[in-house]
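Throughout, read-outs are computed from the coordinates displayed, never taken from laboratory work. Since we're looking at a predicted model, the values are computed, not measured. Glycine gets a Cβ as well: all are built from the backbone with ideal geometry, and neighbour counts include every protein chain shown.
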Amino acid sequence: MSTPPESAEWVPLGRISGLYGVRGAVKVFSYTEERDGILDHPRWYLGAAHRPVDVLSGGVQAGAVIALLQGVGDREAARALIGQEITVPAEALPPLPEGEYYWRELIGMQVINRAGQRLGQVQGLLETGANDVLVVQSEPSGEILIPWTADVQVDAAQRRMVVDWEKDW
């Protein structure tokens, strides 16, 4: 198995959360939008050392993502993996259609409103039932929560976005 270069950008996809059965299968807490989307990646990298491991099989059982990993042949070997983060190199992610972005691409972008006023920098995103929400760190007001709507304009090359939001300080 080859390991990506140390300079690779690592994207977290989930973590090993428990055991399943007696043959070494693991339960996975998936961060992917579709819970079983993590299984689209045939090779995972575990822990801070990004140790590569191939996914032999996987699926959803009773609402949980279950995977059988190469080299993990029994319950005790699987137990040693509990808590390990699952990552992949960013280049392993499929390209998105134009106008769509992975959340990680938006982190750090400057946010301005339609009047050209700087609101702050994207620190994160929140998934809500209605629509996603930008978490913008702003001085001097601290954190601003801005709904992600269809009229958000993203300029990936300039690392900024324009939102329809009034500056209230």
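Among 69, 106, 96, determine the one that fluctuates most according to a GNM of the chain built with springs between C-alpha atoms less than 10 Å apart. Per the Cα network of the chain with a 10 Å cutoff, 96 tops the list. Along its three principal directions, the equivalent ellipsoid of the range 10-91 from the Cα gyration tensor extends over semi-axes of 18, 15, 11 Å, largest first.
Each residue of the range 127-133 was assigned a 3J(HN,Hα) from its phi angle through the Karplus curve 6.51 cos²θ - 1.76 cosθ + 1.60 (θ = phi - 60°); the sequence is 9, 10, x, 7, 7, 6, 10 Hz, with glycine and proline shown as x. Beta bridges from DSSP with both residues in the chain: antiparallel share about 90 percent, rounded to the nearest 5. Excluding the site residues themselves, the longest part of the chain lacking any GluC sites (Glu not before Pro) in a DSSP loop with at most 12 other Cβ atoms within 10 Å is 35-97.
Ordering 102, 45 from the fewest to the most neighbouring beta carbons within 10 Å gives 102, 45.
Over all other residues within a Cβ to Cβ distance under 10 Å of residue 111, the charged ones net out to +2, with Lys and Arg as +1 and Asp and Glu as -1.
Spatially, the range 107-138 and the range 49-100 are offset by 30 Å when compared through their Cα centroids. For the chain, count all C-alpha to C-alpha pairs, find those more than 23 Å apart, and express that count as a whole percent of the total. Everything past 23 Å amounts to 51 percent.
When only alpha carbons of the range 103-163 are considered, Rg and Dmax amount to 10.7, 30 Å.
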